[in-house]
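Chemist: Pasting in a structure now, in structure tokens, and then I'll have a few things to ask.
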Amino acid sequence: MNPLPTPAPMAKAQPAESPLAPGQRLPESRLRQLSPQATAEIQTLAAKYPDKLAATLPALYIAQKDFGFVSLSAMLEVAKVLGVPEGHVFGVATFYTLFQKRPVGKYHLQVCTNLSCALNGAAKLLEKIAEKVGAQPGAGPSEDGLWSVEEVECLASCGSGPCLQVNDDVYDEYVDEAKLEELLAACRRGDYRPWGE
Amino acid sequence: MRSKADPQLYTFAGFGGERFPNLMLRGAGNLDNWKRAVYEQKHEGYLALKKALKMEPVAVTNEVKASQLRGRGGAGFLTGLKWSFMPKDTDQKSHVRYLVCNGDEGEPGTFKDRAILEYNPHQLIEGMIIGAWAMQCKVGFIYLRGEFLWLLEKLEAALQEARDAGYLGQNILGTGWDFDIQTYRGAGAYICGEETALLNSLEGRRGEPRSKPPFPAQVGAFGQPTTVNNVETLAAVPVILQMGGAEYAKIGSPGNTGTRIFCISGHVKRPGLYELPLGTPLDFLLNDLAGGSSTGKAIKAVIPGGASAPMFDAKDFDCPLDFDTPKARGSMAGSGGVIVMDEDVCIVAAVLRLTRFFAHESCGQCTPCREGCNWMLQVLQRIEHGQGRMEDLDLLASLTPRIALRTLCALGDAACGPVDSSLQKFRHEFEHHIVHKTCYAQGHQLLAATAIH
């Protein structure tokens, strides 16, 4: 008799980020205000598009860089600088997965586990990474704050998968044991470079 | 900018010859190929644009109509016809028209647009300028998915090159016509590949599809008439203008003209990108080009058009890859992403993984999709974990017709494709799971034991 595929007998399907319970708040960031440069950048952006609302996504990227993640304060700041409703910014920030609503590690490791990658061993890669860096997928940063791991959807590198993304950079190559070690070591040393550069 | 080419496979023996013309992947794999100088010297760059600007805009649209080019994004709608829906200026009203390029490549199994953006961005830019001339647009947008950050930098550099050469900006090549292209970075939502969701996202809103009508040609980006075309569709336009619509229509099969980039991934020896004339049989791609199964086990199932397409079993492997035949055989051409699974793949686990994707990516706007995808996921989860009941199979089969065609966009239908087709073709695997509480096929671990994302 073959063993069951997973140990959890009745693992309940969980959405990407569990919705907030009544009264629960998103985690707050240490920073509460945008830096003057970021504010200026967002103001320039607003003039670039036919409608200032269109600057919401790029502005949130700037805020994310400034704050480390998109906290509630980051959203409020973006709304204030752009002069758009706070609710709109909150709606947008919570819709898109590239805006991190919770703190992430210095190196945010994202593994695509969708079908093409899964057929080539993405599940094992994810488990291996989680074990090596000591952070569970989707469970926030590791104790030293260096790592966080996330399971993501297709990164458009299906031919060479499983595909890994480190922060904003797609690691565009089949990740074997040696390459993974090398990548993690480079991150630990602090001389990580995006793939291909 | 990258100094290392990605490891995807772009060519095969005979590619670039008469039987397999190379129209979309010229120079792919060569990192210098993106530059304007290379494009102009080696690949007849911007000649089609010069030709088009001497023609009347409507004549350009007619040329594209004559080519019978169909949209490469998934729906396969006639591009020339789509262009002709854009309202013309009248004495009473003049419009601000937009042309939007859909580069939100997120369909699992598809990785073709990035190849064009990486190696031939000028071909896309030229195609956009020609399209904008045909529809007399003032501004174009290229919407790229958020993960394509490195391609965005490259695209910006290519756009600047085009501006410097006078192909973009004011008074393009002395015609008195102004046009410029802006880029826009998405933020990680599969649904933004749907054209109206993309327009919402471009406006800085949540990427929720709009109800149609009004169609984008009437009310699109920022309330103005807009046409949305896929990267590959627009990149085909310079080729059509250069060789002539009628000549282009001779490639492929009648009604399914031209070449298309097929992305093959999964259990094959040579995964990669294969540009083939439409109508090339699937088994030719599978066995002759991609080298057949990489694991030594027979191929059990193939998804012919990206995750949304219902799967084929062995009896349909002879299906010609065009737009109409896969549809007639119960699947769809989709985005050209071919995912290959060998005998050892547990179909229940594969379908569960795909359903999880759709449940995760459902924008939440329409109840049938938002709730239905999660219900299907729960039922599949139950079966996969050995706690399924025989009634669950009928329950699943009764769920899909209540989701498909009952939503604003096609994501609901897409989610039903893998479930329906696998239930029809691999029902015994589901039953085995329920009776024996274990997988029918072992050998590949598709799902991580750690947390579900």
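Chemist: Part of a strand (DSSP E or B), at the interface with another protein chain (Cβ under 9 Å from one of its Cβ atoms) and farther than 23 Å from B:Thr355 by Cβ - does that describe any residue in the stretch A:150-160?
Modeler: No, the conditions are met nowhere in the stretch A:150-160.
Chemist: Between B:Gln365, B:Gln381, which is surrounded by fewer than 21 Cβ atoms within 10 Å (Cβ to Cβ) and of a type outside the set (Val, Ile, Thr)?
Modeler: Just one listed residue meets the conditions, B:Gln365.
Chemist: Further question: Within the stretch B:388-409, count every residue that is over 20 Å from B:Pro310 (Cβ atoms) and free of Cβ contacts under 8 Å to residues at least 12 places away in the same chain.
Modeler: Residues in the stretch B:388-409 being over 20 Å from B:Pro310 (Cβ atoms) and free of Cβ contacts under 8 Å to residues at least 12 places away in the same chain: 1 in total.
Chemist: Mind counting the residues in the stretch B:223-236 that are crowded, with 24+ Cβ neighbours inside 10 Å and out of contact with any strand residue (DSSP E or B) (no Cβ under 9 Å at 6 or more places or on another chain)?
Modeler: 1
Chemist: Filtering the stretch B:368-378 down to residues that are crowded, with 22+ Cβ neighbours inside 10 Å and away from chain A (no Cβ under 11 Å), which residue is farthest from B:Leu395 (Cα to Cα)?
Modeler: Per the criteria, the residue is B:Cys369.
Chemist: Let me ask something else about it. Please list, ordered by first then second residue, the pairs with beta carbon atoms under 7 Å, 6 or more apart or interchain, first in the stretch A:84-96 and part of a helix (DSSP H, G or I), second aromatic (Phe, Trp, Tyr).
Modeler: A:Ala93/A:Phe99
Chemist: Something else: For the stretch B:1-46, name all the residues that are β-branched (Val, Ile, Thr) and more than 14 Å from chain A (Cβ to nearest Cβ).
Modeler: B:Val38
Chemist: Just checking, how many residues over the stretch B:179-203 are farther than 22 Å from B:Asp113 by Cα and part of a loop (DSSP other than H, G, I, E, B)?
Modeler: Residues flagged as farther than 22 Å from B:Asp113 by Cα and part of a loop (DSSP other than H, G, I, E, B) within the stretch B:179-203 amount to 1.
Chemist: Next question. For the stretch B:172-202, name all the residues that are under 21 Å from B:Glu126 (Cα atoms) and either within 12 Å of chain A (Cβ to nearest Cβ) or β-branched (Val, Ile, Thr) (or both).
Modeler: Once the filter is applied, which keeps residues that are under 21 Å from B:Glu126 (Cα atoms) and either within 12 Å of chain A (Cβ to nearest Cβ) or β-branched (Val, Ile, Thr) (or both), the stretch B:172-202 yields B:Ile172, B:Thr175, B:Asp180, B:Ile181, B:Gln182, B:Thr183, B:Tyr184, B:Arg185.
Chemist: Can you tell me which residue in the stretch A:29-51 is farthest from the other protein chains (Cβ to nearest Cβ), limited to those that are surrounded by 15 or more Cβ atoms within 10 Å (Cβ to Cβ) and of a type in the set (A, V, I, L, M, F, W, C)?
Modeler: Selected residue: A:Leu31.
Here is a yes/no grid of residues against (1) under 19 Å from A:Leu98 (Cα atoms); (2) part of a loop (DSSP other than H, G, I, E, B); (3) in contact with a Pro (Cβ under 8 Å, 6 or more places away or on another chain); (4) at pLDDT 65 or above:
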position: A:Met10; (1), (2), (3), (4): no, yes, no, no
position: A:Gln14; (1), (2), (3), (4): yes, yes, no, no
position: A:Ser18; (1), (2), (3), (4): yes, yes, no, no
position: A:Gly23; (1), (2), (3), (4): no, yes, no, yes
position: A:Arg32; (1), (2), (3), (4): no, yes, no, yes
position: A:Gln37; (1), (2), (3), (4): no, no, no, yes
position: A:Glu41; (1), (2), (3), (4): no, no, no, yes
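Chemist: Which condition number in (1) at pLDDT below 95; (2) within 26 Å of B:Gly291 (Cα to Cα) is the one that B:Asn22 fails?
Modeler: (1)
Chemist: What do you reckon, is B:Val348 touching a residue at least 24 places away in the same chain (Cβ under 8 Å), more than 30 Å from A:Phe95 (Cα to Cα) and either touching a Pro at 6+ places or on another chain (Cβ under 7 Å) or facing chain A (nearest Cβ under 10 Å) (or both)?
Modeler: No, not satisfied.
Chemist: Looking at the stretch B:65-112, which of the residues that are among the aromatic types (Phe, Trp, Tyr) and within 14 Å of chain A (Cβ to nearest Cβ) is surrounded by the fewest Cβ atoms within 10 Å (Cβ to Cβ)?
Modeler: Across the stretch B:65-112, the extreme among qualifying residues is B:Tyr98.
Chemist: Working only within the stretch B:140-178, note down all residues that are in a strand (DSSP E or B) and surrounded by fewer than 21 Cβ atoms within 10 Å (Cβ to Cβ).
Modeler: B:Gly169
Chemist: I would also like to ask the following. Among the residues of the stretch B:203-223, are any hydroxyl-bearing (Ser, Thr, Tyr) and within 9 Å of another protein chain (Cβ to nearest Cβ)?
Modeler: Within the stretch B:203-223, not a single residue is hydroxyl-bearing (Ser, Thr, Tyr) and within 9 Å of another protein chain (Cβ to nearest Cβ).
Chemist: On to the next question. Across the stretch A:172-197, what is the total count of residues that are assigned to a loop (DSSP other than H, G, I, E, B) and exposed (fewer than 14 other Cβ atoms within 10 Å of the Cβ)?
Modeler: 5
Chemist: Something else: Quick one: is A:Tyr107 modelled with pLDDT of 95 or more, under 12 Å from the mean Cα position of the chain (by Cα), under 20 Å from A:Ser29 (Cα atoms) and more than 13 Å from chain B (Cβ to nearest Cβ)?
Modeler: yes
Chemist: Which condition number does B:Arg205 fail, the rest of (1) surrounded by fewer than 24 Cβ atoms within 10 Å (Cβ to Cβ); (2) touching an Asp or Glu at 6+ places or on another chain (Cβ under 7 Å) being met?
Modeler: Answer for B:Arg205: the failing condition is (2).
Chemist: Under the condition of being of a type in the set (D, E, K, R) and at the interface with another protein chain (Cβ under 7 Å from one of its Cβ atoms), which residue from the stretch A:113-143 is farthest from B:Thr110 (Cα to Cα)?
Modeler: Filtering first and then ranking leaves A:Glu127.
Chemist: Further question on the same structure: Please verify whether B:Gly412 is touching a Leu at 6+ places or on another chain (Cβ under 6 Å) and without any contact (Cβ under 8 Å) to a residue 60 or more places away in the chain, treating the condition exactly as stated.
Modeler: no
Chemist: Could I ask something else about it? Exactly one condition in (1) more than 9 Å from chain A (Cβ to nearest Cβ); (2) out of contact with any Pro (no Cβ under 7 Å at 6 or more places or on another chain); (3) part of a helix (DSSP H, G or I); (4) in contact (Cβ under 8 Å) with a residue 12 or more places away in the chain is not met by B:Gln381; state its number.
Modeler: Answer for B:Gln381: the failing condition is (1).
Chemist: In contact with a strand residue (DSSP E or B) (Cβ under 8 Å, 6 or more places away or on another chain) and surrounded by 24 or more Cβ atoms within 10 Å (Cβ to Cβ): does that describe B:Val239?
Modeler: No; evaluated as a whole, the condition is false for this residue.
Chemist: If we only count helices (runs of 4 or more DSSP H) wholly inside the stretch B:26-95, which ones have 3 or more residues that are among the β-branched types (Val, Ile, Thr)?
Modeler: The helices (runs of 4 or more DSSP H) meeting that bar are B:57-67.
Chemist: Considering only residues that are under 17 Å from the mean Cα position of the chain (by Cα) and crowded, with 22+ Cβ neighbours inside 10 Å, look in the stretch B:266-301 and name the one that is farthest from the other protein chains (Cβ to nearest Cβ).
Modeler: Per the criteria, the residue is B:Leu278.
Chemist: Taking the stretch A:43-56, which residues are part of a helix (DSSP H, G or I) and among the basic types (Lys, Arg)?
Modeler: A:Lys52, the sole residue that qualifies.
Chemist: Do you know which residues across the stretch B:113-156 are farther than 24 Å from B:Ser265 by Cβ, at the interface with chain A (Cβ under 10 Å from one of its Cβ atoms), within 20 Å of the chain's Cα centre (by Cα) and not aromatic (Phe, Trp, Tyr)?
Modeler: Passing the criteria: none in range.
The values are calculated or read from the model by the stated rules, or taken from the named source; none is laboratory data. What you see is a predicted model; the values in this text were computed from it and never measured. Note: ideal-geometry Cβ built from the backbone for every residue, glycine included; neighbour counts use all protein chains shown.
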